[in-house]
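Q: Mind looking over this structure? Questions follow.
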């Protein structure tokens, strides 16, 4: 967990923030996105990223090829087992149905800051499993600086705000105004024009952080699922523990890959 205020000396005291990603797949490139976002914000000197939380979407979201919440959580735990600052929250999948992004953000931010200001009361009144995503150094810290949760997303989610009847205006206003966005985008894209063309986003443009991924990762969840179905190797695209789990559980109709022998010419 990072609380490295003493290591940064910006002119304006940095905000402490927590990055949250709304996960509808398994791990894939999510962990890399967190690191890209954290490094960018630390270089800017305006924010200190003290943690990250991944909240898998409820099964009721009913996205095509969405693995069960049980499998998605298991894969994420395996993917994050060597990570010391990104945590898994299971609150959303335990609800009676799908939760709007605004509600999920508000829940996590309220619980996080309640822990910061009154940890003893929270520890005695909230089930321990609902607090697992909050590291011990936050639970036991004497630092009372508020922490803001920002939504980490791609340019596709940002642009989905413009799709008619997909989002409620009041939800967009709350998500961007009260929390903020950290948008991972590709070289050559123009998210700033989309923000300019939106009255709501323009109003909160100070709360939207655009992070360009200069070395693009072309790996996507759909490409990985396709490779698994075809029996193609996905090694180095996913952690070995996650790959083993997928094969053992038969998720995504995965077919075990046959071992491949590579012949190297003697002249090499």
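The values are calculated or read from the model by the stated rules, or taken from the named source; none is laboratory data. If you're wondering where the values come from, they're calculated on a predicted model, not measured in any experiment. Virtual Cβ from ideal backbone geometry, glycine too; neighbours counted across all protein chains shown.
Q: Would you point out which residue out of 237, 158, 166 is modelled with pLDDT of 90 or more, surrounded by fewer than 19 Cβ atoms within 10 Å (Cβ to Cβ) and in contact with a helix residue (DSSP H, G or I) (Cβ under 7 Å, 6 or more places away or on another chain)? Write out each step before concluding.
A: Working: 237 fails: modelled with pLDDT of 90 or more; 158 fails: surrounded by fewer than 19 Cβ atoms within 10 Å (Cβ to Cβ).
Just a single option satisfies the conditions, and that option is 166.
Q: State yes or no: is residue 139 exposed (fewer than 14 other Cβ atoms within 10 Å of the Cβ) and over 23 Å from residue 180 (Cα atoms)?
A: Numbers: exposed (fewer than 14 other Cβ atoms within 10 Å of the Cβ): no; over 23 Å from residue 180 (Cα atoms): yes.
In short, no.
Q: From the list 62, 74, 79, which residue is over 24 Å from residue 127 (Cα atoms) and modelled with pLDDT of 90 or more?
A: Numbers: 62 fails: modelled with pLDDT of 90 or more; 74 fails: over 24 Å from residue 127 (Cα atoms).
The unique qualifying residue is 79.
Q: Whether any residue in the stretch 203-210 is under 19 Å from residue 106 (Cβ atoms) and surrounded by 18 or more Cβ atoms within 10 Å (Cβ to Cβ) is what I want to check.
A: Yes - at least one qualifying residue is present in the stretch 203-210.
Q: Are any of the residues in the stretch 112-122 within 29 Å of residue 243 (Cβ to Cβ) and crowded, with 19+ Cβ neighbours inside 10 Å? Talk me through it step by step, then tell me what you get.
A: Taking the stretch 112-122 as the starting set, the residues that turn out to be within 29 Å of residue 243 (Cβ to Cβ) are none.
Checked the stretch 112-122: no residue is within 29 Å of residue 243 (Cβ to Cβ) and crowded, with 19+ Cβ neighbours inside 10 Å.
Q: Quick one: is residue 230 surrounded by fewer than 18 Cβ atoms within 10 Å (Cβ to Cβ) and outside the structural domain of residue 71 (by the TED database)?
A: Details: surrounded by fewer than 18 Cβ atoms within 10 Å (Cβ to Cβ): yes; outside the structural domain of residue 71 (by the TED database): yes.
In short, yes.
Q: Turning to a different aspect of this structure: Would you confirm, using the coordinates I've provided, whether residue 25 is modelled with pLDDT of 90 or more, surrounded by 14 or more Cβ atoms within 10 Å (Cβ to Cβ), in contact with a helix residue (DSSP H, G or I) (Cβ under 8 Å, 6 or more places away or on another chain) and at negative phi?
A: Values: modelled with pLDDT of 90 or more: no; surrounded by 14 or more Cβ atoms within 10 Å (Cβ to Cβ): yes; in contact with a helix residue (DSSP H, G or I) (Cβ under 8 Å, 6 or more places away or on another chain): yes; at negative phi: yes.
So residue 25 fails the test.
Q: What do you reckon, is residue 193 in the same structural domain as residue 37 (by the TED database), exposed (fewer than 11 other Cβ atoms within 10 Å of the Cβ) and either modelled with pLDDT of 95 or more or over 17 Å from the mean Cα position of the chain (by Cα) (or both)?
A: Numbers: in the same structural domain as residue 37 (by the TED database): yes; exposed (fewer than 11 other Cβ atoms within 10 Å of the Cβ): yes; either modelled with pLDDT of 95 or more or over 17 Å from the mean Cα position of the chain (by Cα) (or both): yes.
Yes.
Q: State whether one or more residues within the stretch 145-156 are in the same structural domain as residue 107 (by the TED database), out of contact with any strand residue (DSSP E or B) (no Cβ under 9 Å at 6 or more places or on another chain), closer than 30 Å to residue 83 by Cβ and touching a residue at least 40 places away in the same chain (Cβ under 8 Å).
A: The answer is no; no qualifying residue exists.
Q: Another question, then. Among the residues of the stretch 68-92, which ones are assigned to a loop (DSSP other than H, G, I, E, B), free of Cβ contacts under 8 Å to residues at least 60 places away in the same chain and closer than 15 Å to residue 31 by Cα?
A: Taking the stretch 68-92 first, the residues assigned to a loop (DSSP other than H, G, I, E, B) are 68, 80-85, 89-91.
If we keep only those that are free of Cβ contacts under 8 Å to residues at least 60 places away in the same chain as well, we get 68, 80, 82-83, 89-91.
Of everything in the stretch 68-92, those that are assigned to a loop (DSSP other than H, G, I, E, B), free of Cβ contacts under 8 Å to residues at least 60 places away in the same chain and closer than 15 Å to residue 31 by Cα turn out to be 80, 82, 83, 89.
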